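The values are calculated or read from the model by the stated rules, or taken from the named source; none is laboratory data. Since this is a predicted model, take the numbers as computed values, not measurements. Don't worry about glycine lacking a Cβ; one is built from the backbone with ideal geometry, like all the others, and counts go over all protein chains shown. Heads up: the accessible areas ignore ligands, DNA and RNA and are worked out on the full protein's heavy atoms, side chains in. Shrake-Rupley method; radii C 1.70, N 1.55, O 1.52, S 1.80 Å.
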Amino acid sequence: MVEMSVAEEARAGRRQAVLLADLGPVAQLRAGNLARRLPQLLVGLVLYGVSLALMVRGSIGLAPWDVLHSGLIRHVPITLGQAVVVMSFVVLLLWIPLRETPGIGTIANAVVVGFSADGTLALLDPAHGFAARTALMAGGVLLCGLASALYIGAQLGRGPRDGLMTGLSRRTGWSLRLVRTGIEVAVVLVGLVLGGVLGVGTVVYALAIGPLTQLMLPWFIVDVEGVPS
């Protein structure tokens, strides 16, 4: 799952009309616009799970973290969505030594994405034929970019994997891009060892998700009190 690397790059380039805030959980609730921010967060996370399921049904490769999840379920009797939830909380344990602070969106991310993915997989049959599979894969990547922009723009906290990335970057002094690349290479390798699904879709996702999210992010950033525009 992506996102704060794109957000940081967008902020550095000052491409969005409103700056992204770095708020703790209490400040997030006090920042205003909750009537829009909370539904936007939920919609973004649900769509993120749907996008994951679309790529699974496309069967042309998964996003890097989902390569790991798909490998894990070959050895543990859980669903793909449950693997997403379990790994989210495992990653959150790594936040402790990094001194990252979870937000409302962090916990919601850890739970909602996985259940949304399982629900979509239960409703969506596997695609047949190259054209249909390609369409599902491409649709999954596009929808993931939109979903990422929605939930980041709600300004209610990083996702578990995003916080791992930003925390490691802060502690090591390495760039977000370098840390993100290192993490994703590592999870893909572990996923492959476990028998996870790697394919063209993995490459497409890796190349496209950053630009897509950065393009859409300014459309959905919600202004919050105390953050200059």
**Request:** Would you mind counting up the charge near Leu68? Only other residues with Cβ under 13 Å from its Cβ, with Lys and Arg at +1 and Asp and Glu at -1.
**Result:** 0
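Using just the helices of the chain, give the 222 nm mean residue ellipticity in deg cm²/dmol: DSSP H runs with n ≥ 4 each add -39,500 (n - 2.57), and the total is spread over all residues, rounded to 500.
-24000 deg cm²/dmol
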**Request:** Would you kindly state how much longer the chain becomes between Val90 and Val190 on full extension, computed as 0.36 nm times their sequence separation minus their alpha carbon distance, in nm to one decimal?
**Result:** 34.5 nm
**Request:** Go through Leu93, Leu136, Leu192 and list them by solvent-accessible area, largest first, probe radius 1.4 Å.
**Result:** Leu93, Leu192, Leu136
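Can you pull the percent of segment 145-228's accessible area that's carbon plus sulfur, 1.4 Å probe, other chains left in place? Don't skip to the answer; put the middle values down first.
Details: 2590 of 3630 Å².
C and S fraction of accessible area: 71 percent.
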**Message:** With a 1.4 Å probe and all protein chains kept in place, how do Leu94, Leu164 rank by accessible area, largest first?
**Reply:** Leu94, Leu164
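FRET efficiency for Thr134 and Asn33, Cβ-Cβ distance as r, R0 = 41 Å, nearest 0.05?
Given R0 = 41 Å and the Cβ-Cβ separation, E is 0.60.
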**Request:** Take each complete run of DSSP H in the chain, measure how far its Cα atoms stretch along the helix's own axis, and keep only those covering 15 Å or more with mean Kyte-Doolittle hydropathy at least 1.0; list them.
**Result:** 34-58, 80-98, 104-123, 130-153, 176-193, 200-220
